[in-house]
Amino acid sequence: MSQRGKLYLIGNAHIDPVWLWQWPEGREEVLSTCRTALELMQEDDTFVFCRSSAATYEWIEEYDPELLEAIAQRIEEGRWVVVGGWWVQPDCNVPSGESLVRQALLGKRYFLDRFGVDVTVGYNVDTFGHPAGLPQILVGAGQGSYCFFRPGPHEKSLPSAVFRWRAPDGSEVMACRPPGHYNTGPEDIEERVREAAAAMPPPLESMLCFFGVGNHGGGPTRENLASIRRLRDDPRLPDLVMGGIEDFFAEAAERRDAWPIVEEELQYHARGCYSAVSEVKRDNRQVEHLLLATERLVSAARLQGIPLHADEDLRDGWKLLLFNQFHDILAGTSLRVSYDDTRADHAEAKLLAGRHLRRALHRLAARVDTSGEGQPVVVFNPSLSPRREVVELDIAFRGSEGEVSLVDDSGAEVPAMLLDPTVHTSGRTHTAAFLADMPALGHRTYRLINRAPQTAFPSVEISPTSLESRHLRVELDSETGWIRSIYDKRHDVELCAGPANVPLVLSDPSDTWSHGVDAYRDELGAFRLIDPPEVFVSGPTHGILRLRLAFETSVIEQFVVLYQDIPQIAFRTAVDWRQRHQVLKVAFPFAVHDPVATFETAYGHTVRAGRGDEQPHHRWLDVSGTAADQPYGAAVLNDGCYGCDVLGSEARLTLLRSPIYAFHDPQEVQPDELYEYTDQGVRAMTYAVAPHAGDWRGSGVETLAASLNSPCFCLVEPPHGGPAPPTESYVSVGPDHVTAEVLKPAEDGAGLVLRAYEREGRSADLEVELLGERVEGLSLQPYQIGTWRLTRQAGGWRAEPCDLLERPLGQA
């Protein structure tokens with residue numbers, strides 16, 4: 001290394017494919033900027049350009065293939081450096097762990113296929129936060145280093161600009177938060193160069209310095225490059241080296257022992273992005289679960305010799321989902337009109353996945369022996385672990401009014417009920433609800449029989465202000481509609497420390513991102529009853545109270561659901577939201593002492609201090625400690641809400657925010673301007689509370705969250721014979737503290753790919769069965785994500801460990 005050190009100059013053009021414009025304009029800006037970069041390379045033979053995001057290269061391939069060929073030539077010369085390797089630069093707080101894996105899987109495979117480049121530098125320079133488990137995903141995708149800018153130094157203190165970022169499983173990447181910003185103006189960049197030179201962290205004597213105009217600025221400019229040529233002669237500066245981001249991280253890795261270790265998430269920037277534009281976030285959750293469920297059931301069909309050709313459509317569905325996880329789309333910070341495109345993309349992804357899901361279900365059901373008395377109903381569990389669930393299906397039932405008898409495959413009656421019918425021109429359609437005990441990734445056959453129930457299953461006891469099941473008793477306040485008490489009969493614990501399920505309205509004058517905001521605590525009021533509570537339905541599976549509440553001009557219609565045999569209270573909620581610059585949260589003050597707050601995050605969980613500040617999470621948060629002199633807690637589950645807070649033992653789930661679309665400080669609201677506000681009108685969501693003994697480990701919270709977000713599928717089948725028994729598990733994965741998220745066709749070659757992670761911090765020898773046949777030799781270390789390719793060999797199944805790109809370990 002030069003005695004002066006090195007400053008690696010990273011010429012780039014951070015282009016948001018969608019933000020204050022729709023994707024066609026973003027695409028044209030990508031094409032124009034890439035053409036300009038190639039022109040500058042002809043003029044300056046030292047210029048090196050860096051660019052990420054496989055989705056934008058696919059645009060170039062489709063709309064200007066000659067441009068892609070020119071880029072490929074420069075990549076081969078080392079003048080054009082591919083960084084990041086992901087499909088886009090996504091939001092990293094909202095997407096599931098598997099979505100982040102697919103960002104790398106589809107992105108890196110694209111670059112390998114098109115350019116023969118294995119991208120080793122992770123690169124999310126504008127992403128608003130980074131979960132603690134991300135280093136393991138990066139390492140699993142063959143990326144040993146990571147470059148980011150947010151949160152900035154004013155938002156999170158780090159021991160060094162260069163550090164070793166370690167995940168809970170022990171995986172490590174070299175990480176760097178460079179000085180300054182990832183873009184500059186079009187003018188002389190001397191000030192940026194000197195700032196970066198002064199920020200070299202000893203003992204490295206080198207640093208990254210980003211330059212180039214982002215978005216509609218065209219990337220690096222001739223004036224940028226001219227100033228670099230002039231500054232090269234300044235003896236007070238380090239050597240100025242174009243590109244070389246991989247070289248920078250290689251030099252840092254050579255001094256690995258000298259760098260501090262950071263073992264936590266990299267937060268917080270723009271906390272409002274966890275909740276802005278709730279519709280896109282809920283759709284994102286639905287598409288994630290639908291794609292995964294379809295992959296599992298298509299794989300199950302292939303295991304049984306059913307040829308389903310779904311790979312290309314499912315890959316296209318993932319691409320649509322991943323593109324719309326771009327940070328300014330999924331974070332909710334783009335123009336309102338851009339979300340018309342997102343809705344269309346999500347709808348197309350649902351269509352692609354749904355088509356193959358239906359085919360898989362029908363082909364699998366056709367193999368089931370459904371012969372016997374009554375109307376067969378084949379229920380499918382899409383998850384890789386067993387579950388108990390109240391299943392609902394619509395059926396034209398001609399039995400006695402209000403009566404249904406439903407039996408399982410052994411002939412035993414199960415709790416079931418008919419809900420109010422829908423009347424149409426040819427009769428009535430009922431919703432039948434029944435309790436289903438389901439095997440892992442498999443089916444179970446039930447039968448509707450035209451007779452009154454022969455077994456007297458006890459119903460949920462219900463009044464306009466109370467519900468009581470075998471597990472829980474819930475009492476409501478008749479004046480407000482808020483919950484006064486949740487009593488756990490199993491453990492003799494009162495869960496509520498005060499009014500619960502309180503829909504609070506809080507002031508939020510911040511911009512779309514909530515820049516500079518840590519928490520939403522300024523209460524303006526709460527929704528209260530406008531009609532008396534109404535008994536909606538009661539039976540042996542569940543009871544429902546219907547509530548109508550209002551705050552100013554906004555109205556909530558809510559169905560409070562208490563299940564007889566599942567220790568959970570669900571809140572099916574529709575909000576007609578008319579508030580502006582306000583936040584809607586639902587509050588649950590739990591009577592838990594010495595509380596510990598735990599939040600589900602990407603392929604893991606994070607424990608955070610309960611200070612009342614806004615936090616990102618996925619499907620559940622949990623508050624556990626002690627109650628009634630015993631370890632006890634409660635989880636709050638959701639089907640698409642990502643913001644929340646915990647203050648002491650009170651959990652608040654963020655349902656809605658209503659800032660102005662794409663409104664960035666320091667802009668101020670002007671009284672004579674017309675603005676568009678987010679989340680106006682009716683928004684629907686379901687959340688639930690699940691009390692439990694102990695902490696979240698072993699509580700069944702994970703299974704309940706999976707059931708809420710990816711419920712069972714039902715098919716009404718004619719009676720017929722078939723080779724498959726009435727109940728069958730196609731694939732199961734244990735033990736209970738392991739979550740198997742993925743079963744999919746391999747990207748190339750034969751076999752299936754299984755991915756699972758250990759979530760409780762204990763080693764695990766996996767218990768994997770395919771059609772009743774045990775697969776041996778799979779294990780996980782604490783918090784590890786494991787991937788295996790499963791192939792049928794003479795004498796049984798073979799499980800080959802792979803990285804996240806499905807390459808055999810040791811051959812990546």
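The values are calculated or read from the model by the stated rules, or taken from the named source; none is laboratory data. If you're wondering where the values come from, they're calculated on a predicted model, not measured in any experiment. Backbone-built Cβ (ideal geometry, glycine too); neighbour counts: all protein chains shown. The protein model used for the area step is the full one, side chains on, heavy atoms only, and it has no ligands, DNA or RNA in it. Shrake-Rupley method; radii C 1.70, N 1.55, O 1.52, S 1.80 Å.
General remarks:
- Per-residue SASA entry for Met200, accessible area with 1.4 Å probe, Å² rounded to 10: 40
- The solvent-accessible area of Val280, taken with every protein chain present and a 1.4 Å probe, is close to 10 Å².
- Karplus 3J(HN,Hα) series, Hz, for segment 47-58 with 6.51 cos²θ - 1.76 cosθ + 1.60 (x for Gly, Pro): 6, 10, 10, 10, 8, 10, 6, 4, 4, 6, 5, 5
- Accessible area (Å², 1.4 Å probe, nearest 10) - Trp482: 40
- Its Cα centre serving as origin, segment 345-393 has a Cβ charge dipole (Lys and Arg +1, Asp and Glu -1) of approximately 200 debye.
- When a 1.4 Å probe is rolled over the protein heavy atoms, the share of accessible surface on the chain that falls to carbon and sulfur comes to 47 percent.
- Taking amide H atoms as placed 1.01 Å from N in the peptide plane, the amide H of Leu472 lies under 5 Å from those of Lys489, each 5 or more residues away in sequence or on another chain.
- In this structure segment 667-773 gives 41 Å² per residue of accessible area when probed at 1.4 Å with all protein chains present.
- Database remark: amide H of Gln568 closer than 5 angstrom to the amide H of Tyr563 (H placed geometrically; neighbours at sequence offset of 5 or more, or on other chains; Pro and chain starts carry no H).
- For a straight C-alpha distance cut-off of 29 angstrom, the lysines reachable from Lys744 (same-chain residues fewer than eight places away being disregarded) are Lys108, Lys281, Lys319, Lys350.
- 3J(HN,Hα) along segment 462-479: 8, 9, x, 10, 7, 9, 9, 10, 5, 9, 10, 10, 10, 10, 10, 7, 6, 8 Hz, from the Karplus curve 6.51 cos²θ - 1.76 cosθ + 1.60 with θ = phi - 60°, whole Hz, x for Gly and Pro.
- Heavy-atom SASA rank of Phe713, Phe128 (probe 1.4 Å, accessible area, largest first): Phe713, Phe128
- For segment 636-701, averaging the sequence separation of C-alpha pairs within contact (under 8 Å, six or more residues apart) and dividing by the residue count gives a relative contact order of 37 percent.
- The order of His309, His664 by accessible area, most exposed first and with a 1.4 Å probe, is His309, His664.
- Cut-off 14 Å between beta-carbons: net charge of the residues surrounding Glu69, Lys and Arg +1, Asp and Glu -1: -3
- Long-range amide H partners of Ala526 with built H, under 5 Å: Val505
- Selected from Pro201, Ala270, Ser157, residue furthest toward positive end of dipole (segment 157-275; charges at beta carbon): Ala270
- Residue-wise HN-Hα coupling along segment 301-315, computed from phi with Karplus coefficients 6.51, -1.76, 1.60 (Hz; x: Gly, Pro): 5, 5, 4, 9, x, 8, x, 10, 9, 10, 4, 5, 5, 5, 4
- For segment 284-357, the relative contact order is 50 percent, taking Cα pairs closer than 8 Å that sit 6 or more residues apart in sequence and dividing their mean separation by the residue count.
- Residues His430, His605, ordered by accessible area of protein heavy atoms at a 1.4 angstrom probe radius and largest first, appear as His605, His430.
- With the helix formula -39500 (n - 2.57) applied to DSSP H stretches of n ≥ 4, the chain reaches a computed 222 nm mean residue ellipticity of -7000 deg cm²/dmol.
- Residue-count net charge about Ala587 - beta-carbon cut-off 10 Å; Lys, Arg +1, Asp, Glu -1: -1
- The packing ranking, built from the mean of other Cβ atoms within 10 Å per residue, places the peptides 442-453, 409-420 in the order 442-453, 409-420, highest first.
- Among Pro17, Gln670, Gly180 the positive-end extreme of the charge dipole of the chain (Cβ point charges): Pro17
- Radius 9 Å from Cβ of Arg447, net charge of other residues (Lys, Arg +1; Asp, Glu -1): -3
- Cα-centre dipole for segment 66-216 with unit charges at Cβ (Lys and Arg positive, Asp and Glu negative), debye to 20: 420
- In this Cβ point-charge picture (+1 for Lys and Arg, -1 for Asp and Glu), the chain has a dipole of about 1220 debye about its Cα centre.
- Prolate/oblate/rounded call for segment 319-429, Cα gyration tensor, a/c under 1.5 rounded: prolate
- Excluding same-chain neighbours fewer than eight residues apart, no lysines are reachable from Lys6 by a Cα-Cα span under 20 Å.
- Candidates Ile569, Gln582, Val596 compared by Cα position along the dipole of segment 521-627: farthest toward the positive end lies Gln582, with charges placed on Cβ.
- The residues of segment 31-81 present an accessible area of 44 Å² per residue when probed at 1.4 Å with all protein chains retained.
- Sorted on the mean count of surrounding Cβ atoms within 10 Å across their residues, most packed first, peptides 721-730, 735-744, 638-647 read 638-647, 735-744, 721-730.
- Relative contact order [Cα under 8 Å, 6+ residues apart], segment 691-812, whole percent: 18
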